[in-house]
Structure formats: C-alpha cells, structure tokens
Amino acid sequence: MASNNAESQSVVVVGAGIGGLTTAALLAQQGYQVKVYEQATMVGGCASTFRRRGFIFDVGATQVAGLEPGGIHHRIFRQLQVDLPEATLCDPACAVFLPGEKQPINVWHNPDQWQRERERQFPGSGRFWQLLQTLFQISWRFQARDPVLPPRNAWDLGQLLQALRPDTLLTAPFVTLTVGDTLRLLGLGADRRLKTFLDLQLKLYSQVGADETALLYAATALSVSQAPQGLWHLQGSMQTLGDRLVEALKHYGGEVFCGQRVEQIHCDQGQVQGVTVRDVKSGEVRREQAQQVVANLTVQNLLKAVDQPLPGYHQRVTNLPPSSGAFVIYLGVREDAIPPDCAPHLQFLYNGSGPIGENNSLFVSVSKPGDGRAPKNCRTVIASSFTDVAPWWDASPEEYQARKQSYTQTAIAKLGEYFNLNESTIVHQESATPRTFARYTAREQGIVGGVGQRRFTFGPFGFAPRTPIRNLWLVGDSVHPGEGTAGVSYSALTIARQICASGATNF
Ligand SMILES: Cc1cc2nc3c(=O)[nH]c(=O)nc-3n(C[C@H](O)[C@H](O)[C@H](O)COP(=O)(O)OP(=O)(O)OC[C@H]3O[C@@H](n4cnc5c(N)ncnc54)[C@H](O)[C@@H]3O)c2cc1C
C-alpha cells in the first residue's frame, strides 16, 4: 500500500531502457507520480528491436537471465502482477568453438551434463569448477537477500548487514582474486585451452579476460546458465520485455514519453530539482520539476547531464579503464543458411588477429523457427563483437565507411565458415558500430555493457545507485554491469526500495 507521501512525490526517469522502465513501474505501483522521458522513438534501449523486410532484429541483448522462478525478472513481473514474457530455455546456453575446432564446447543447462562436458574438454580442472560452484551458491543466496552494494548511508548499510550470513564471509578471502590468479594457484595456469575458453566466455559478460575478471563475479557469470537458473530466448522479440514493463507502468498510472531527450538534470545545493526536456522532433524545450530523478544513463552521460560539477565523481569516472563498444552484424537469411542442430547461441574464436573487434571473436544468436523474428523459411543471425570505440570516432567519414565495410565483409566471411552464406541465402544485411549505438541509444561514444568487472570495479567497489546529489539516482549497467537485463533489474529494484525507504513507503 502506498502512503500519502508517495502519492505527492513526482519522479522523472531519464531513459526507457530496461533499468529505467523497471524502476518506473515499481515506483508507480507504490503510488509515485512517474514520468519516463525517452529520447528514441521506442522503449528498450540496448534491449529493443528494429524491423526490416519482414525480419525483426534484436538490437543488442538476445538472451535473458532471471526468468526462472526466483530469478530477478520473474520476481519483478510477479511483484508488478504482469504476465511473464513467453520464453524457451537455451540448451545449450552456448556452443563455443575454439580456433580451428569443428566440434563445440557445449555449455549445457543440466549441471551434470555440463560437468561431464567440462571433464571431457578440460581434464584436471575439476577443483577450479568446484570452487566456482561453491562461491556462486554462496553469492547467489546473498544476492537473493537483496543487499545494497556499495552502501552509501545507514539504511544501505543496514540492508547489507541483514543480507550477510556466516557463509557470506567465506567469500571474503576471494574478493581481490582474479580468475587468472585462481588458475595459477590451482596449478592450472599452463592449461591454454581452459584459459582460452574462459577468456572468451568472460569477455562476453565482464568485458575483460580471465586475468582481469574478478573471481567472485566470474563465479556468477559462469554459473547462471545452469539449472536451477538458466538463459532464455524470448518468443516474439526482446521488445516484449520493455513492452510488458510499459504495460505495468501505465497500469499503475505512470507515463512514458518517447522522442523526448533530457538535456540537463538540474540541482541546487546538492539536491536534485528537475530536468530540461527537448522534444526531438519539434525542438521545443521545457523544464520539469521533480522530487526524484532516476537517470537510466551511463555514468559518463550522467556527469555531462548534471548542471553542477561533481569533482570526486568526475575523477572516478575519468580514471576508469576505457569501455568497449560493439560491432554488430544483422543478417536475415533463408533457412538453408543454417546448419542442422544449430544452437541458439554460438561463440567463435578465430585464429590470428583479423579485424573483428579486439579479440577476433564473434558471439552469434540465431532465431528459432516460429519465434516471430523471421518470415516463413527464414531466420535471423545476429553476430556481435566488442570493439574499441576510439578508432570509429577518430576516423574521417570515408575512413569510417571503409572500416565498417571491412568489418562487415570479414564478419560475413568468418560466419560463412559455419553458416551457408551467399547471395541467394542472405536476404538482408546491415551492421551497427559504436556510432550507431551512440545515435540510437545516446550512450556516450556508443559504449555498451557498463563498467568492466575487474577486481576493483566489480560489486562492492562499483558505482552506487545513490549519486553525490540527493534524490538523483543512477540505474542501469553502470551500476550493475555484466548481467545484462537481469543486472539492470537488480539495480532498479534497489533504487525503488531506497526511494520508498526514504519516503517511508511500504515496499
Ligand atoms: C551487442 C549487445 C549484446 C548484448 N547481449 C545481451 C544479452 O544477450 N543478454 C543481456 O541480458 N544483455 C545483453 N546486452 C546488454 C544489455 O542489453 C544491457 O546491459 C541492458 O539492456 C542495458 O539496459 P539499461 O537500462 O542500463 O540501458 P539502455 O538499454 O542503454 O537504456 C537507456 C535508455 O535511455 C535512453 N536515453 C539515453 N540518454 C537519454 C536522454 N538524455 N534523455 C532521454 N532518454 C535517454 C536511451 O535511448 C535508452 O533507451 C547486450 C548489449 C549489447 C550492446
């Protein structure tokens, strides 16, 4: 039940990504007057879609964690009393092809099957996986008790302390270890094949390889695809996730306005005051007062949006290692382009240092027959790779086009080693670069995925939802990176609880 206090409080949410929409819907349900401003023409951000010639392409996110009972999306949809999107389990979650290998390493959903696969693929690595499993189970139970990390005031600290149990403390000695350190400590430092596999999988989630990824973070990233958790493929498209959240938001009286860019977040004496919004089409500008502002932005964008210097915060952001962007190729293909028994998600690492992203790998998502993404007898194939953003921005217009074309051709040639790609099987093709992501999602320089999960930037050392400005909140993958839409939903739930606690609303 909402209190009168909530009903009189206005909240502006800047951005209708999954983080912004989830916070907005949860607060609207509690009686807050919520308005969401989204600069794009549709909601969803990196988890939205676009249509071409009868195909529906997922822009960025293609698979979802946290839809199983107890998972974060499941919990939030139940809380909002909205139907869960229809989804099928990804099994294997991923088929990983190492350089020159024709048979993949299949990351199975069934834990026993995955253990047998690991024993066959990486003999002698059992102790490493056992340690990961133990750390994951402790961390997962801790996460399920909704800790606030990192804490910024007494209430946050109280939430953190109530989530701690004696077993949580067992993870303390591992807090500053990386995956690379652990491999060496367990005598597995020389196992190149295991290291290559871990580098490849970790890069997908943490943005960095095994030598830099925090062990505690890796334990979660490498375990969420097994039962009782899992990765899911949404029926229809990724857009369903955002659309269902909008449905909930409106049901509870909230509003979402697309084509409205928030140009500035106003503060006075350390307290948020409101925002300036520009109608993208008409150019009309107006100012909107709000008691709470939730920024579904990258931390880099947040700094630019606030009309007050934040020296300490600024210093922290400037000291972050460079963030990655993405190069993505979207293919609409005929059915005969897809090999039989093709897994829904595949990862390829290629020999050499060819020009596809930083580590010459591709993560590929293939639509399923009848999943709503492709016309009859056709499928979508979406392949992505992390890439440094700077060369895409430093290039002249001609260099940019040449670079984009070169990436596209290389990606098609590489994909053609597995898929049957030629003029008659490819119906539609287009690519996105960091510049494309910057244009459509307004993310600074088109950086994606949030802050890398290194040992001194993950979880307890990351950015907090509370910013240095009172009642200005940061939601999204700068706060909870590396777990995609599930991660940003955790950050949304935390902020909704923090705002309700400060307004003494029951949650
Ligand atoms: C290529 C790629 C593949 C990925 N694959 C997966 C995957 O398979 N599974 C997974 O879970 N995750 C995946 N992710 C990550 C996932 O998509 C993101 O972590 C998540 O969607 C981020 O959500 P968000 O709410 O933090 O931010 P965003 O999605 O960036 O949303 C922010 C929103 O704010 C809007 N906005 C920005 N500035 C303004 C402004 N000034 N005024 C108004 N509106 C503004 C933007 O237009 C956007 O809609 C992938 C990402 C990419 C790029």
Per-residue ³J(HN,Hα) for the stretch 205-213, Karplus 6.51 cos²θ - 1.76 cosθ + 1.60, θ = phi - 60°, Hz, x for Gly and Pro | 9, 9, 6, 10, x, 4, 5, 10, 6
Carbon + sulfur, % of accessible area of the chain - ligands and nucleic acids excluded, 1.4 Å = 51 percent
Rounded to whole Hz and in sequence order, give me ³J(HN,Hα) for the stretch 175-190 from the Karplus expression 6.51 cos²θ - 1.76 cosθ + 1.60, θ = phi - 60°, writing x for Gly and Pro.
-> 4, 9, 8, 9, 5, x, 4, 5, 4, 5, 4, 8, x, 10, x, 8
Pull out the extension gain between ARG145 and GLN315, defined as 0.36 nm times the separation in residues minus the alpha carbon to alpha carbon distance; nm, one decimal.
-> 58.0 nm
Is it possible to state the helix-based mean residue ellipticity at 222 nm for the chain, with each DSSP H run of 4+ residues giving -39500 (n - 2.57), the sum divided by total residues, to the nearest 500 deg cm²/dmol? What is it?
-> -10500 deg cm²/dmol
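Efficiency by 1/(1 + (r/R0)^6): what FRET value for ASP388 and THR41, r their Cβ-Cβ distance, R0 = 41 Å, to the nearest 0.05?
Details: r = 29 Å, r/R0 = 0.71.
My answer for the efficiency is 0.90.
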Near the amide H of VAL427, under 5 Å away, which other amide H atoms are found, from residues 5 or more places off or on another chain, if H is placed in the peptide plane?
-> GLY332, VAL333, ARG334
Measuring from its Cα centre, the stretch 324-444 shows a charge dipole (+1 at each Lys and Arg Cβ, -1 at each Asp and Glu Cβ) which, in debye to the nearest 20, is 340 debye
Would you kindly give the portion of the calculated P(r) for the stretch 118-225 that falls above 17 Å, as a percent of all Cα pairs?
-> 56 percent
Report, in whole Å, the centroid distance computed from the Cα atoms of the stretch 196-238 and the stretch 13-72.
-> 21 Å
Spacing of the two label points (7 Å from each Cα toward its C-beta) at GLN130 and ASP83, in nm = 4.7 nm
Please give the peptides 260-267, 184-191 ranked by average Cβ packing (other Cβ atoms within 10 Å per residue), highest first, as a rough proxy for protection.
-> 260-267, 184-191
The chain: antiparallel bridges as % of DSSP beta bridges, rounded to 5, reads 70 percent
Heads up, I need the accessible area for TRP232: 1.4 angstrom probe, whole protein in place, Å², nearest 10.
-> 50 Å²
Relative to the Cα centre, what is the charge dipole magnitude of the stretch 118-225, using +1 at the beta carbon of each Lys and Arg, -1 at the beta carbon of each Asp and Glu, and rounding to the nearest 20 debye?
-> 260 debye
Packing-ranked peptide list from 278-284, 492-498, 156-162, highest mean Cβ count within 10 angstrom first, is 492-498, 156-162, 278-284
Among 305-311, 362-368, the order from most to least packed when residues are scored by Cβ within 10 Å on average = 362-368, 305-311
Can you work out the accessible area per residue across the chain, with the rest of the protein chains kept in place, probe 1.4 Å, in square angstrom?
-> 41 Å²
Add +1 for every Lys or Arg and -1 for every Asp or Glu among the other residues with Cβ under 13 Å from the Cβ of GLY274, and state the total.
-> -1
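Using 1/(1 + (r/R0)^6) with R0 = 45 angstrom and r between the beta carbons of THR171 and GLN103, what's the FRET efficiency to the nearest 0.05?
0.80
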On average, how much area does the Cα convex hull of the stretch 180-266 cover when viewed from any direction, in nm²?
-> 10.5 nm²
Surface accessible to a 1.4 Å probe, LYS250 within the full protein complex, Å² | 120 Å²
Between GLN308 and TRP155, what is the label-to-label distance in nm when each label sits 7 Å out along the Cα-to-Cβ direction?
-> 1.8 nm
Distance in nm between label sites at ARG116 and ARG286, each 7 Å beyond Cα in the beta-carbon direction?
-> 6.3 nm
Residue (of TYR440, ILE469, GLN429) at the positive-pole extreme of the stretch 425-476, dipole from beta-carbon charges | ILE469
Residue separation times 0.36 nm, minus the C-alpha to C-alpha distance between ASP279 and PHE50: what's the value?
-> 80.3 nm
Could you calculate, for the chain, the ratio of the Cα radius of gyration to the Kirkwood radius, expressed as Rg to Rh?
-> 0.95
Rounded to whole Hz, the Karplus (6.51, -1.76, 1.60) HN-Hα couplings of the stretch 36-50, x for glycine and proline = 10, 10, 10, 6, 7, 7, 9, 8, x, x, 5, 10, 10, 9, 9
For the stretch 324-444, what is the Kirkwood estimate of the hydrodynamic radius, computed as the reciprocal of the mean inverse distance between distinct Cα atoms, to one decimal in Å?
-> 15.0 Å
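The values are calculated or read from the model by the stated rules, or taken from the named source; none is laboratory data. Remember, it's a predicted structure, so these values are computed and weren't measured experimentally. Every residue, glycine among them, receives a Cβ derived from its backbone with ideal geometry; neighbour counts consider all protein chains shown. Calculation scope for accessible area: heavy atoms of the full protein, side chains included, ligands and nucleic acids excluded. Shrake-Rupley method; radii C 1.70, N 1.55, O 1.52, S 1.80 Å.
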